[in-house]
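The values are calculated or read from the model by the stated rules, or taken from the named source; none is laboratory data. On a predicted model such as this, the values are computed, not experimentally measured, just so you know. Here Cβ is always computed from backbone atoms with ideal geometry, including for glycine, and neighbour counts include all displayed protein chains. Ligands, DNA and RNA are excluded from the accessible area calculation, which covers all protein heavy atoms including side chains. Shrake-Rupley method; radii C 1.70, N 1.55, O 1.52, S 1.80 Å.
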Amino acid sequence: MAILTPTPTPTPTEILSAWRADVERRLRGHRRLAESALVQVSDADFFRAPDAASNSLALIVRHLSGNMRSRFTDFLTTDGEKSDRNRDGEFASGPENREELMAAWKDAWELCIGAIHPLAPEDLGRIVRISGEPHSVAGAITRHLAHVAYHVGQVAFIARHFAGSEWKTLSIPPGGSEAYSEAIRRKHEGAD
């Protein structure tokens, strides 16, 4: 029988550091997933909606970029819904080209991660507002992570639709689950 040694209680700084690293890793993973999907579609498909009730990839990119710019500019000190944001305009076709939209996307992701990275333990419980509604800093970030995941799923679905038979999978390839799980188990053996 193995004897377990007690794990020391982590400090608030250690907890924040682990949480922040996980949030940043997940955000970067969502960004990579979306970008890996977006590169698989033509410019025409980037701007085309699958049907009249759906958004194009361009509109989703514009919306997420606008959302992140609004939420994370002066994150701790101003309302996350900035007065100069035009959310409805994010869902209207505009004159931008793909390069301009992707540049705004890149800037928004850097702003987002840049606002999260320097947070101190005492910041997590602070209150920030989004459209006047109070959220803890941790809650606002969790809300953002869920919002990003929702839209990145849309990006992957729409891009896969347009890529058709040329689609390159973004995750475990069909029939590869067992090999993937075994590789993960081997990687983490003895990690506890």
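Could you please state, rounded to a whole Å, how far the C-alpha centre of segment 58-75 is from the C-alpha centre of segment 21-44? A separation of 15 Å, based on Cα centres.
With the alpha-carbon atoms of the chain aligned to their principal axes, the span from lowest to highest coordinate is 64, 48, 25 Å, starting with the largest. Largest to smallest in accessible area, the residues 167, 105 fall in the order 167, 105 (1.4 Å probe, all protein chains included).
In what sequence, largest accessible area first, do 76, 101 appear using a 1.4 Å probe? Don't jump to the answer; show the numbers that get you there.
Values: 76 50, 101 10 Å².
The most accessible residue leads, giving 76, 101.
By the helix-only formula, in which each DSSP H run with n ≥ 4 contributes -39500 (n - 2.57) and the sum is divided by residues, the chain has a 222 nm mean residue ellipticity of -18500 deg cm²/dmol.
The lysines whose alpha-carbon is closer than 30 Å to the alpha-carbon of residue 168, local same-chain residues fewer than 8 away aside, are 106, 187. A DSSP coil position with no more than 10 other Cβ atoms inside 10 Å describes the following GluC sites (Glu not before Pro) in segment 109-192: 189. What FRET efficiency comes out for residue 25 versus residue 78 if R0 is 25 angstrom and r is the Cβ-Cβ distance? Round to the nearest 0.05. The pair residue 25/residue 78 has a calculated efficiency of 0.40.
Calculated accessible area for the chain comes out at 61 Å² per residue, all protein chains present (probe 1.4 Å; ligands, DNA, RNA ignored).
Can you tally the net charge around residue 80? Count Lys and Arg as +1, Asp and Glu as -1, for every other residue whose Cβ sits under 14 Å from the Cβ of residue 80.
Neighbour charge sum, excluding residue 80 itself: +3.
Per-residue surface analysis assigns residue 88 an accessible area of about 120 Å², computed on protein heavy atoms at 1.4 Å probe radius. Distance distribution note for segment 1-53: the fraction of Cα pairs above 15 angstrom is 71%.
Carbon-plus-sulfur fraction of the accessible area of the chain, 1.4 Å probe, in percent?
Ligands and nucleic acids excluded, carbon and sulfur give 56 percent.
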